[in-house]
Amino acid sequence: IPHGDGKYTLEDGMLLLYGANGQPADRISGAQFEYDQKQGVAHAAGVVDMEIEPPAGLQGRESRAQDPEGKSPQAIHVRTSGLTYVKKLGVAATDQDVEIEYAGMHGHAKGAEFDTGQSVVHLLADVRAEGMLRGAVNSLGGTPATLTATKADLDRNENVIELTEPMIRSEGR
């Protein structure tokens, strides 16, 4: 819906972000976005769903076939609200609750920033992940576990997660 002066309301909108190889890599979709074309800023006040391509080291050998709900099983699924995307910075950010789902792990954080240029996700506060530890080299393999941290930085290019004040609990330990 055009409002003049390069400002639009997008209903059932989707932003498709491309990777360095020129292929679609990440998708941000929501019921309503306010878009300022001149500034290159999109803001979603409501719920936003994102599919983020996992780092190459985490991707399985299977194809990226989608499930019946349209989700790629290998993608990192993120749900939040209050998301703002600034095209010239290549950054999407929110200060709202963030839910993350990947490979059987379910996570939560308060606020996040995703830098598409550096391929880094910053989880800003109160990070928590729950799921099964599988294939671990230690005695926790295959057991339910909860990981908490005050914040986390996920670097997709380096396949590294840097946690601040991490703690993992499993089977009462």
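The values are calculated or read from the model by the stated rules, or taken from the named source; none is laboratory data. Because the structure is predicted, anything quoted here is derived from the model rather than measured. No Cβ is skipped: glycine too gets one built from the backbone with ideal geometry, and neighbour counts run over all protein chains shown. What goes into the accessible areas is simple: the full protein's heavy atoms, side chains included, and nothing from ligands, DNA or RNA. Shrake-Rupley method; radii C 1.70, N 1.55, O 1.52, S 1.80 Å.
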Seminar exercise, completed: Filter region 6-16 for residues that are under 19 Å from Gly82 (Cβ atoms), under 18 Å from the mean Cα position of the chain (by Cα) and not small (Gly, Ala, Ser); the one that is surrounded by the most Cβ atoms within 10 Å (Cβ to Cβ) is Leu15
Exercise. Quick check, is Val78 part of a strand (DSSP E or B), modelled with pLDDT under 95 and in contact with a Phe, Trp or Tyr (Cβ under 8 Å, 6 or more places away or on another chain)?
Worked result: no
Seminar exercise, completed: In region 96-117, anything buried (at least 20 other Cβ atoms within 10 Å of the Cβ), farther than 19 Å from Ile168 by Cα and of a type in the set (Gly, Ala, Ser) is listed as Ala112
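What tally of residues in region 94-117 results from selecting those that are of a type in the set (Asp, Glu) and either over 19 Å from Ala42 (Cα atoms) or at pLDDT 95 or above (or both)?
Within region 94-117, the subset of a type in the set (Asp, Glu) is 95, 97, 99, 101, 113, 115.
If we keep only those that are either over 19 Å from Ala42 (Cα atoms) or at pLDDT 95 or above (or both) too, we end up with 95, 97, 99, 101.
Qualifying residue count, region 94-117: 4.
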For this session: Go through region 118-136 and give me each residue that's open to solvent by less than 40 Å² (accessible area, probe 1.4 Å) and modelled with pLDDT of 90 or more.
Result: Leu123, Ala125, Val127, Ala129
Problem set entry | Neighbours by Cβ (under 8 Å, 6+ apart or cross-chain): first from region 95-108, outside any loop (DSSP other than H, G, I, E, B); second open to solvent by 90 Å² or more (accessible area, probe 1.4 Å) and of a type in the set (Asp, Glu) | His106/Glu99; Gly107/Glu99; His108/Asp97; His108/Glu99; His108/Asp126
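Looking at Gly19, Gly40, Gly57, can you tell me which residue is modelled with pLDDT under 75, more than 16 Å from Thr80 (Cα to Cα) and open to solvent by less than 40 Å² (accessible area, probe 1.4 Å)? Steps first, please.
Values: Gly40 fails: modelled with pLDDT under 75; Gly57 fails: open to solvent by less than 40 Å² (accessible area, probe 1.4 Å).
Exactly one residue qualifies, and that residue is Gly19.
Which ones in region 22-34 are open to solvent by 60 Å² or more (accessible area, probe 1.4 Å) and within 16 Å of Thr84 (Cβ to Cβ)? Please lay out each step first, then the result.
Here is the first cut: in region 22-34, the ones open to solvent by 60 Å² or more (accessible area, probe 1.4 Å) are 23-24, 27, 31-32, 34.
If the condition is that a residue be open to solvent by 60 Å² or more (accessible area, probe 1.4 Å) and within 16 Å of Thr84 (Cβ to Cβ), then Ala31, Gln32, Glu34 are the ones that fit.
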For this session: Could you check Thr164 against (1) open to solvent by less than 50 Å² (accessible area, probe 1.4 Å); (2) touching a Ser or Thr at 6+ places or on another chain (Cβ under 7 Å); (3) at pLDDT 95 or above; (4) within 27 Å of Gly46 (Cα to Cα) and say which number it fails?
Result: (4)
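Can you tell which of Ser72, Ser139 is of a type in the set (Gly, Ala, Ser), farther than 30 Å from Thr9 by Cα and modelled with pLDDT under 80?
After applying the criteria, what remains is Ser139.
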